[in-house]
Amino acid sequence: MTSAERPLPGAMPGRLPENAAPPPGFEPKALARSLLRATRAGTLATLDRNTGHPFASLVNVATDADGSPLILVSRLSTHTANIETDGRASILLAQTGKGDPLAHPRLTVLGHLGQIARDGTEDARVRRRFLARHPKSELYAGFGDFSFWRMTIASAHLNGGFARAADLTASDVVTDLAGAADLVAAEADAIAHMNADHAEACRLYATKLLGEPDGAWQITGIDPDGIDLALGDRAARLAFPHRVTEPGQLRQVLVALAGQARAA
């Protein structure tokens with residue numbers, strides 16, 4: 001069997017219904033991207049360096065501009081020793097709520113974790129995005145034994161509840177950054193401007209468009225597909241109505257969404 005013929009990691013060939021119409025309202029790609037962007041912690045599964053057994057642990061999770069999962073871990077941790085030996089890993093991102101935990105959607109992303117070089121070209125962006133999602137991590141992010149790691153996604157498996165499962169490719173869940181260099185470069189300034197000068201719009205995005213509880217919501221991330229919002233330990237994801245690649249387009253979309261929220 002060639003590499004092109006092998007199933008993607010985590011895929012379920014022959015077990016999931018093929019060519020079957022998805023349940024009404026079930027949009028696997030959109031749900032997967034929302035879980036990826038809005039879930040703040042997940043179960044990290046690594047391969048034990050001594051025996052190869054799966055080793056599961058809890059980690060805080062953020063995302064890079066393209067949606068690649070980011071973690072901050074210490075070299076003193078078992079999972080770090082494992083990924084230093086073999087970077088293959090998966091992260092389970094589960095939505096919680098009342099009732100049966102298995103009735104809520106969850107996403108498993110599978111791929112390879114690579115370390116972000118301290119003070120390298122990507123360090124500032126990765127550090128900023130992670131700490132925006134997890135500000136308390138700033139207490140130890142600078143310690144010598146801590147480092148950031150990013151997962152290059154190979155595939156994903158979504159379980160959206162009963163009869164709502166889907167195997168997904170990397171392109172189904174990550175955000176295409178082609179042509180969006182100017183937006184990525186302007187992200188930090190745009191976030192600072194929105195949070196400082198348009199705090200009411202940020203609150204309305206969360207409360208009126210997403211149905212979240214009232215409070216001082218802030219934007220923590222911007223990418224071509226949408227914005228990440230946070231209120232303390234609560235996170236939410238607002239998808240754009242269309243792809244945005246330039247700061248000018250971003251301003252137009254944010255103004256339009258604010259008008260929509262005020263009219264709601």
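The values are calculated or read from the model by the stated rules, or taken from the named source; none is laboratory data. This structure is a prediction, so every number in the text was calculated from the model and none was measured. FYI the Cβ positions are ideal-geometry reconstructions off the backbone, even for glycines, and counts take in every protein chain you see. Quick note on the areas: whole protein, heavy atoms, side chains included, nothing else; ligands and nucleic acids left out. Shrake-Rupley method; radii C 1.70, N 1.55, O 1.52, S 1.80 Å.
The C-beta contact set for region 167-183 (first residue farther than 21 Å from G111 by Cα and outside any loop (DSSP other than H, G, I, E, B), second residue aliphatic (A, V, I, L, M) and open to solvent by less than 70 Å² (accessible area, probe 1.4 Å), distance under 7 angstrom, 6+ apart or interchain) comprises L183/V244; L183/L250. Kindly provide the set of residues from region 15-44 that are more than 25 Å from L70 (Cβ to Cβ), at pLDDT 65 or above and open to solvent by less than 70 Å² (accessible area, probe 1.4 Å), ordered by number. The answer is P23, F26. For region 126-144, the tally of residues that are in contact (Cβ under 8 Å) with a residue 40 or more places away in the chain, open to solvent by 60 Å² or more (accessible area, probe 1.4 Å) and part of a helix (DSSP H, G or I) stands at 1.
Filtering region 145-185 to residues that are among the small types (G, A, S), open to solvent by 30 Å² or more (accessible area, probe 1.4 Å), at pLDDT 95 or above and more than 16 Å from G67 (Cβ to Cβ) leaves G179, A181, A185.
Please pick out the residue among D189, D119 that is among the acidic types (D, E) and over 17 Å from G221 (Cβ atoms). Explain how you work it out, then say what you get.
Working: D189 fails: over 17 Å from G221 (Cβ atoms).
Residue meeting the stated conditions: D119.
Residues in region 25-72 that are over 22 Å from T96 (Cα atoms) and in a loop (DSSP other than H, G, I, E, B): D48, R49, N50, T51, G52, H53, D64, A65, D66.
Look through region 219-253, keep the residues that are in a strand (DSSP E or B) and of a type in the set (D, E), and return whichever of them is surrounded by the most Cβ atoms within 10 Å (Cβ to Cβ). Steps first, answer last, please.
Start the filter on region 219-253 by keeping residues that are in a strand (DSSP E or B), which leaves 219-223, 226-231, 234-239.
Filter once more, keeping what is of a type in the set (D, E): 223, 228.
Working: D223: 24, D228: 22.
It comes out as D223.
State whether one or more residues within region 197-210 are of a type outside the set (V, I, T) and in a strand (DSSP E or B). Before you say what the answer is, go through the steps one by one.
Looking only at region 197-210, we keep the residues that are of a type outside the set (V, I, T), and these are 197-206, 208-210.
With the extra rule that they be in a strand (DSSP E or B), the set shrinks to none.
Checking region 197-210: not a single residue is of a type outside the set (V, I, T) and in a strand (DSSP E or B).
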